[in-house]
1. Applying the selection to the stretch 12-23, what residues are surrounded by 14 or more Cβ atoms within 10 Å (Cβ to Cβ) and not in a loop (DSSP other than H, G, I, E, B)?
2. Report every pair of residues separated by at least 6 positions or lying on different chains whose Cβ atoms are under 9 Å apart, first residue within the stretch 22-37 and in contact (Cβ under 8 Å) with a residue 24 or more places away in the chain, second surrounded by 15 or more Cβ atoms within 10 Å (Cβ to Cβ) and among the hydroxyl-bearing types (Ser, Thr, Tyr).
3. Out of all the residues in the stretch 37-57, is one or more among the basic types (Lys, Arg), within 19 Å of residue 8 (Cα to Cα) and in a helix (DSSP H, G or I)?
4. In the stretch 24-44, what residues are open to solvent by 40 Å² or more (accessible area, probe 1.4 Å) and at pLDDT 85 or above?
5. Residues in the stretch 16-37: is at least one touching a strand residue (DSSP E or B) at 6+ places or on another chain (Cβ under 7 Å) and more than 18 Å from residue 4 (Cβ to Cβ)?
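The values are calculated or read from the model by the stated rules, or taken from the named source; none is laboratory data. A quick note: this is a predicted structure, and the numbers were derived from the prediction, not measured. Quick reminder, even Gly has a Cβ in these numbers, built from the backbone with ideal geometry, and neighbours come from all protein chains shown. Accessible surface is based on the protein model in full, side chains and every heavy atom, while ligands, DNA and RNA are left aside. Shrake-Rupley method; radii C 1.70, N 1.55, O 1.52, S 1.80 Å.
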Amino acid sequence: GKPIADTHAIDVFENFIIISIADGCGMGTLPSIASKTSCQKFRDFLSVELNGKKTIKQVLDTMMKALAYVQTE
């Protein structure tokens, strides 16, 4: 069927693309707000921290840090 995620975004940069998807699992307003907030925080973190990263390992490490950042926010 159709994806029904609460939030999705695609950010296109000169040398990379960030695709973010978050879902509140249909659990109401607060989880929906949380999914939107986490998606935005993830995008913000990566848009700053990915600049200058060259290897796949550097990118993956940065993505893991972004997930940890979102969890603490």
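1. 18, 20, 21, 22
2. As it stands, the answer is 32/7; 35/7; 36/7; 37/7, since those pairs meet every condition given.
3. Taking every residue of the stretch 37-57 in turn, at least one turns out to be among the basic types (Lys, Arg), within 19 Å of residue 8 (Cα to Cα) and in a helix (DSSP H, G or I).
4. 29, 30, 31, 33, 34, 36, 37, 40, 41, 43, 44 - these are the residues of the stretch 24-44 that are open to solvent by 40 Å² or more (accessible area, probe 1.4 Å) and at pLDDT 85 or above.
5. Yes, some residue in the stretch 16-37 is touching a strand residue (DSSP E or B) at 6+ places or on another chain (Cβ under 7 Å) and more than 18 Å from residue 4 (Cβ to Cβ).
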